[in-house]
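The values are calculated or read from the model by the stated rules, or taken from the named source; none is laboratory data. Note that this is a predicted model, so its numbers are computed, not measured. Cβ placement follows ideal geometry from the backbone for every residue including glycine, while neighbour counts extend to all protein chains displayed. Please note that ligands, DNA and RNA were not included when accessible areas were found on the heavy atoms of the full protein model with its side chains. Shrake-Rupley method; radii C 1.70, N 1.55, O 1.52, S 1.80 Å.
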Amino acid sequence: MTDINHAESLQQRQDKRFIQKETRTAAKYLRRLKELPGAPEGMEPFYRTLERIYVEMEPVEKEAGQKTIGTYCVMTPPELIYAAGAVPVKLCSGNYTAFSIGDSIAPRDACPLVKAVAGFQQTGLMPIYKDCSMMVIPVTCDCKKKIAGMLSDHCGVMTIHIPASREDEDLEEYIRQLYDLMARLEQTTGNPISYESLAQGFRKVGYAQYELSEFIRLKKQMPYLIRGSHAMAILNSSAYMPADVWGKALHRVNLSLKQNLSEKKTVTSKKLPRILLTGSPIVFPNIKIPLLIEEMGGIVAGDETCMGERGLWDPAVITDDSFDGMIRALANRSLRPCPCPTFADNSQRIFRLKQLIKENQIQGVIYHVLRGCLVYDHEYKRIENELGQLGIPVIRLESDYNEEDIEQLRIRIEAFIELIKLKQAPEKPAAVRRSF
Amino acid sequence: MKHQHLSSHQTDSFDKEYCESLNRLYNDNIRLSEIRWFFNRAYDWAYDTEAPSPEVVLLGTAIPEELVIASGAVPYWIIGGSLGSCAWSDDLVPRDTDPVSRSITGYINRPDGMDLSDSLFVVPLMNDSMRKMAYDLKSSGRKVCLIDIPPDRKDPYAVEKYTGQLKAMCEAVSKQTKTRVTRKSVAAAMKTVSHARNTMRRFMEVSRGHQDIITDAARLFVINAYYMISSPEEWCYHTECLINEIEYRSGTSKQFTQKDPAVMLLGSPVLFPNEKIPFLVSDSGLMISEAVDYVSMKSFVTYSSRALWGSRDRLIRKIAARWLAYDSAPAFVRNDALYDYVSWFVRNRKTEGVIYHVLKGQIEYDFELERFETMLAQYGIPVFRLETDYQYQDVEQLRIRMEAFSEMLTQRRYREVKKAS
């Protein structure tokens, strides 16, 4: 009996320690985000969401009786989940404490994102994971493939086979899987997906996407109206907020940005090196890289990561307004424009990067590779060569979910920013101060 | 014998490794005359510069070659296995790429290698490296045919999907060879390949436990040699001759010493010329009872004579269904084929320990380790995880660990004898 009590108290102490460490890291990064100057008005709902999920460890906000469906990739259409009356929540995690727990469960060479997921699943302390009635895992890489097997022991899991190419027959196959997903969602939630409910799902996500496109248009302004780290906080919080609520909150930010634009209130008057961030996803609280870039005097002007702008950017285009037409629109949106390296031929990622470089007047690219994320690492050389021809410098930053490499990353980022500064035309000297 | 001329080729690391492995296999099995044919073929595969360029190149072993043969092509496999060829791909792949994919990429880009510019590459997408390798091949202007293996066997449409993939492959290969795929050609190829796989199984069964006649490394090499020979019939004929010789020798000579502890070699496949692990196993006083990996498990994908009936499309569907059920490549969410076979094997054959071989970067095996450990623990079988790559620098560390494992298994034997008495 004493042994059992002792084991229980040991477990409780371990859980308490986990919660303390987890919340402390999240709170620290949230504080750094808040301290970063130049945030527009209206950021509070996004900070509050991240705080609620990672610091207060609360579940996502939803209506009573509504179910939560966990997803692991942008290739799971949220419209279908909304249509089934459930709330989607992206479970990809950037948590350092969960990563350290997952490190002893998942293989050493697995990517940190998957280790963090395994860690959260093991501890069972994170409400967003506990709450999930079902998890949808698109098989985009080896780690996701194997984690699907591991998670299926704990929760209902549905895998989606992402085809290696985007041919018509691949699209048909994906459409069939979406119909399967629909059936599973109906079974899990008990709500049938009707034409009207699916249209409602489209409206919710469409509204959020409209606001996002407006936000990105404002973000492109020169001089800058918002910092990339703040933009990333906004985009990361979309994983834990219903699309319509998130869209409304973003609308307020857009209004504030528009006002700032008319009043010429910019983040800084200095000409900061404009950096494009691409590669492995950047998930809160692992936002050390965008924070370091902006603390070192650069600005994250473009973001091609799947937890960033890419996640919600492409709208579903309905050309046939039947039910099947809407499902086809979802499949088209998920596969055709997606520059995810899961596709065997991913040359459109290069076009997308070139487009982003042109639109955002990018001066340098930081290629983020999470340790063990082989698919992104594989594409680095090709992108370095392509961008080299355009005269855009690229550096590959490999990192993990811990803070041990921060100083090394800082030095590399600082040197990269210096390099860009040396290339750019010198700023006009400020007028000589004649009196105090 | 061509084997005597090997030293002239020992110029770089590929040649060195290739020839050293061949030399050791030859010296360890010098009494077996029938095995020399396999050595000669392996030598030809690597050094015959006059061989014609292959029409179809198969990357890895996870491709149903029966359909390639039925489409009129002579399969030319590149399955990896060499440290030397890894060096040729150093600048082409990321640091963490697994050695098998590295080695395959190296072979394709071998500086003085065969001209593969006009060949069709068939790439099974069983892992991330293969996926990206396909991208590289396509970008360099080569003809590529992808086989997208459905990752979830529980998917009710998995067989349909896979059938579609295999049909597309047949189409691509027959376009390359300009040969029609007919019901007759598919059935004939299924029959040929079934015979070869049955021979593989019989060879492994007959040669098991006869280390005094054929070493474990040589057993694995003979299976690997199948992928270096253009004609399965020829391989079968010579393997049958070898089986006869082993049976004859085992009948005329008896081993009087106690047999070494029998271990199962599970996980990443051992591919020639990197025979580091089987050499170490035998040096440490262990015997490989079975090598269970996706290369050896192919021997279970056979077809009965009844399965050869039906239309062409029906036969392709049967091939797809059979492959999905028995394929143990790391392409699946759960590698149930491998798991089920291991659990059957340990129940029915003597296995005193398991060496779980993980090649660095092949994390799929690492993900499954816990599941295997739990199952094997129920049978009281110790599992020893051995992680390595194709480098030879860790040989001495591995040797120490392997010897300790061997000693532990020997001590267990004594304990059991003591307990019984």
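Side notes on the structure shown:
- Being modelled with pLDDT of 95 or more and under 24 Å from B:Arg208 (Cβ atoms) is a property that B:Tyr414 lacks.
- Top-ranked residue of segment B:228-253 - restricted to ones that are modelled with pLDDT of 95 or more and aromatic (Phe, Trp, Tyr), ranked as surrounded by the fewest Cβ atoms within 10 Å (Cβ to Cβ): B:Tyr237
- Only listed residue being of a type in the set (A, V, I, L, M, F, W, C), within 23 Å of the chain's Cα centre (by Cα), at pLDDT below 95 and open to solvent by less than 30 Å² (accessible area, probe 1.4 Å), chosen from A:Leu225, A:Leu257: A:Leu225
- Members of segment A:82-104 that are over 19 Å from B:Gly361 (Cβ atoms) and part of a loop (DSSP other than H, G, I, E, B): A:Ala84, A:Gly85, A:Ala86, A:Leu91, A:Cys92, A:Ser93, A:Gly94, A:Asn95, A:Ser104
- Subset of segment B:47-69 [of a type outside the set (S, T, N, Q) and open to solvent by 10 Å² or more (accessible area, probe 1.4 Å)]: B:Tyr47, B:Asp48, B:Glu50, B:Ala51, B:Pro52, B:Pro54, B:Glu55, B:Ile69
- Total residues in segment B:356-406, condition of a type in the set (Val, Ile, Thr) and within 14 Å of another protein chain (Cβ to nearest Cβ): 4
- Odd one out for B:Thr410, checked against (1) over 20 Å from B:Val292 (Cα atoms); (2) of a type in the set (S, T, N, Q); (3) open to solvent by 70 Å² or more (accessible area, probe 1.4 Å): (3)
- Candidates in segment A:150-182 are the residues that are farther than 24 Å from B:Thr163 by Cα and within 12 Å of chain B (Cβ to nearest Cβ); of these, the one that is modelled with the lowest pLDDT is A:Asp153.
- Residues located in segment B:150-162, provided they are crowded, with 21+ Cβ neighbours inside 10 Å and more than 9 Å from every other protein chain (Cβ to nearest Cβ): B:Tyr162
Residues are listed down the side, and each one gets a yes or a no for (1) under 19 Å from the mean Cα position of the chain (by Cα); (2) surrounded by fewer than 24 Cβ atoms within 10 Å (Cβ to Cβ):
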residue: A:Cys92; (1), (2): yes, yes
residue: A:Asn95; (1), (2): yes, no
residue: A:Leu125; (1), (2): no, yes
residue: A:Arg166; (1), (2): no, yes
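- Filtered by the rule that a residue be among the small types (Gly, Ala, Ser) and either assigned to a loop (DSSP other than H, G, I, E, B) or surrounded by fewer than 21 Cβ atoms within 10 Å (Cβ to Cβ) (or both), segment B:205-224 gives a lone residue, B:Gly209.
- Criterion (open to solvent by 10 Å² or more (accessible area, probe 1.4 Å), among the aromatic types (Phe, Trp, Tyr) and touching a Gly at 6+ places or on another chain (Cβ under 8 Å)) met by exactly one of B:Trp37, B:Trp88: B:Trp88
- Qualifying residue in segment B:376-393 (condition: open to solvent by less than 60 Å² (accessible area, probe 1.4 Å), at pLDDT 95 or above and part of a helix (DSSP H, G or I)): yes
- Applying the condition of being assigned to a loop (DSSP other than H, G, I, E, B) and in contact with a Leu (Cβ under 7 Å, 6 or more places away or on another chain) to segment B:139-149 and asking which residue is farthest from the other protein chains (Cβ to nearest Cβ) yields B:Ile149.
- The lone exception for B:Lys259 - which of (1) open to solvent by 50 Å² or more (accessible area, probe 1.4 Å); (2) under 30 Å from B:Leu386 (Cβ atoms); (3) part of a helix (DSSP H, G or I) it fails: (3)
- Residue satisfying all of: in segment B:106-131; within 14 Å of chain A (Cβ to nearest Cβ) and over 9 Å from B:Leu59 (Cβ atoms); most open to solvent (accessible area, probe 1.4 Å) among these: B:Asn109
- Residues in segment B:164-203 that are crowded, with 20+ Cβ neighbours inside 10 Å and under 15 Å from B:Ile246 (Cα atoms): B:Thr199, B:Met200, B:Phe203.
- Failed item in (1) more than 30 Å from A:Met296 (Cβ to Cβ); (2) part of a loop (DSSP other than H, G, I, E, B); (3) acidic (Asp, Glu), with A:Glu79 passing the rest: (2)
- Of all the criteria given as (1) more than 22 Å from B:Ile69 (Cβ to Cβ); (2) in contact with a helix residue (DSSP H, G or I) (Cβ under 8 Å, 6 or more places away or on another chain), the one not satisfied by B:Glu373 is (2).
- Taking segment B:319-363 as the range and being free of Cβ contacts under 8 Å to residues at least 24 places away in the same chain and either open to solvent by less than 10 Å² (accessible area, probe 1.4 Å) or among the charged types (D, E, K, R) (or both) as the test, the residues that pass are B:Arg322, B:Asp340.
- For segment A:1-54, a residue qualifies if it is open to solvent by 80 Å² or more (accessible area, probe 1.4 Å), among the basic types (Lys, Arg) and within 30 Å of A:Ala208 (Cα to Cα), and the qualifying residues are A:Arg31, A:Lys34, A:Arg48.
- A:Pro138 surrounded by 23 or more Cβ atoms within 10 Å (Cβ to Cβ), out of contact with any Pro (no Cβ under 7 Å at 6 or more places or on another chain) and outside any helix (DSSP H, G or I): yes
- B:Arg334 being part of a loop (DSSP other than H, G, I, E, B) and either outside the structural domain of B:Phe384 (by TED's automatic domain parsing) or among the charged types (D, E, K, R) (or both): yes
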